[in-house]
1. Report, ordered by chain and residue number, the aspartates and glutamates lying within cross-link reach of residue 84, taken as a straight Cα distance under 18 Å and ignoring same-chain residues fewer than 8 apart.
2. Could you line up 31, 98, 75 from fewest to most neighbouring Cβ atoms inside 10 Å?
3. So how strong a dipole does the stretch 22-106 carry about its Cα centre when Lys and Arg Cβ are +1 and Asp and Glu Cβ are -1, to the nearest 20 debye?
Amino acid sequence: MKLFGNSADEYLKVHHKCPLEADVTEGSGGIWERLHYDWSDPNRVVLTTTDSNVWGGASGHTYTFTRRPDGTTDIDLVVVRDGKTLKGWLLGLVLRTIGRRVLANAFDNSVKAIEARNSPSRRLELYGTTDRAA
């Protein structure tokens, strides 16, 4: 299962990575952006658009995590899309209106894929066989 359905592998380029941040170019369908990832706060990840062929201004993403007593985590996602070209402005308008549900579904699918990848039963299945064979 693909983790990030709106991001194509051919656009992915990691320019810099360290324990608390990264500089990455990603995109799909002719739209790309270079993002500065900052995960220095364990309760928040901020992606700031530093360059793009359509996005400018204050564009980026902010993920805020609230851990719950039952072991689950609420994720609040804020996406800002400031178009710097006509294409970006029009796409931003679409994303703020009819595209909102599409993006929400893509985000939900990414979270489900991450949960499936990290589920205890999957870890036991993957590592249990290796441990028995060792």
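What follows draws every value from the coordinates through simple rules; no lab data is involved. All values derive from a computational prediction rather than experimental measurement. Here the Cβ positions follow ideal geometry from the backbone for every residue, glycine too, while neighbour counts run over all protein chains shown.
1. Partners found: 26, 33, 51.
2. With the fewest neighbours first, 31, 98, 75 line up as 98, 75, 31.
3. Roughly 380 debye for the stretch 22-106.
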